[in-house]
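See below for the structure under consideration.
The values are calculated or read from the model by the stated rules, or taken from the named source; none is laboratory data. Keep in mind that what you see is a predicted model, and the values were worked out from it rather than measured. Note: ideal-geometry Cβ built from the backbone for every residue, glycine included; neighbour counts use all protein chains shown. Accessible surface areas use protein heavy atoms only, side chains included; no ligands, DNA or RNA. Shrake-Rupley method; radii C 1.70, N 1.55, O 1.52, S 1.80 Å.
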Amino acid sequence: MALSLNYRFLLMVTAVAALISALLNMIASNVVWYGYELIPLWGRKSVTSYLYSTSIITSFILVWLVTKSTRYALRSKQILPLHWHLKSQTLIDSLPSRAVPRSFILAIASCFLTGFTLFLLDLREFYSFYSSEFFAFSTVYYILQSAAIAVMAIYRAMGDNVMHHAKVA
């Protein structure tokens, strides 16, 4: 059974966003933590400050890029608009229609995800990481985070200006 155009696009763009996020994280973590053997969870130069700052930046950039690529795919008719958009009234539909405010809101949402992750790490009493453990953890974290954020951005962008795409009889 073949996937529809929209699902193929969703999977492809999400995978690319996750790959870009993982690569950006690898570069940033190697620059920030070069020469560190043990990385603390809390403090001025810690896992906490790293995750919050990089999650805001990467989420903002990825949402903006994903929104623009989805709009381009809609204009070039590579994917179909979501016609149920106006009827559904989901949380995703409440996101702003413009790319920059949407990127900001989803970057803030990624901060909540970061806070929840840090809460769970603290609850499990992980107070420091060896650098190799942190590189693996942060890579997996950013792959999952960017995939979640990208899916929300793609679905919202597929419903953008749905009345302009609909044929009125």
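Whose amide H sits under 5 Å from the amide H of Ser128, counting only residues 5 or more places off or on another chain, with H placed in the peptide plane?
For Ser128, the qualifying residues are Leu41.
Order 22-28, 94-100, 139-145 from most to least packed using the mean count of other Cβ atoms within 10 Å. Show your work: numbers first, answer last.
Values: 22-28: 16.0, 94-100: 14.3, 139-145: 18.7.
Highest mean packing first, the order is 139-145, 22-28, 94-100.
Please calculate how many Å² of accessible area the stretch 106-163 carries per residue, with a 1.4 Å probe and no DNA, RNA or ligand atoms counted.
49 Å²
Please give, to one decimal in nm, the separation of the simple spin-label points placed at Arg8 and Phe119, each 7 Å out from Cα toward the Cβ.
With each label placed 7 Å out from Cα toward Cβ, I get 4.1 nm.
Using a 1.4 Å probe on the protein heavy atoms, what percent of the accessible area of the chain belongs to carbon and sulfur?
Whole-percent figure for carbon plus sulfur exposure: 70.
Report the relative contact order of the chain, percent, no decimals, based on alpha-carbon pairs under 8 angstrom and at least 6 residues apart.
Result for the chain is 42 percent.
Rounded to the nearest 500, what is the chain's calculated 222 nm mean residue ellipticity when only DSSP H runs of at least 4 contribute -39500 (n - 2.57) each, over all residues?
-24000 deg cm²/dmol
Among all helices in the chain defined by DSSP H, which have a length of 15 Å or more along the axis from Cα atoms plus a Kyte-Doolittle mean of at least 1.6? Display every interim value, and only then the final one.
Working: long enough: 5-32 (40 Å, 1.63); 47-75 (41 Å, 0.71); 99-123 (36 Å, 1.68); 131-158 (39 Å, 1.05).
Correct list, ordered by number: 5-32, 99-123.
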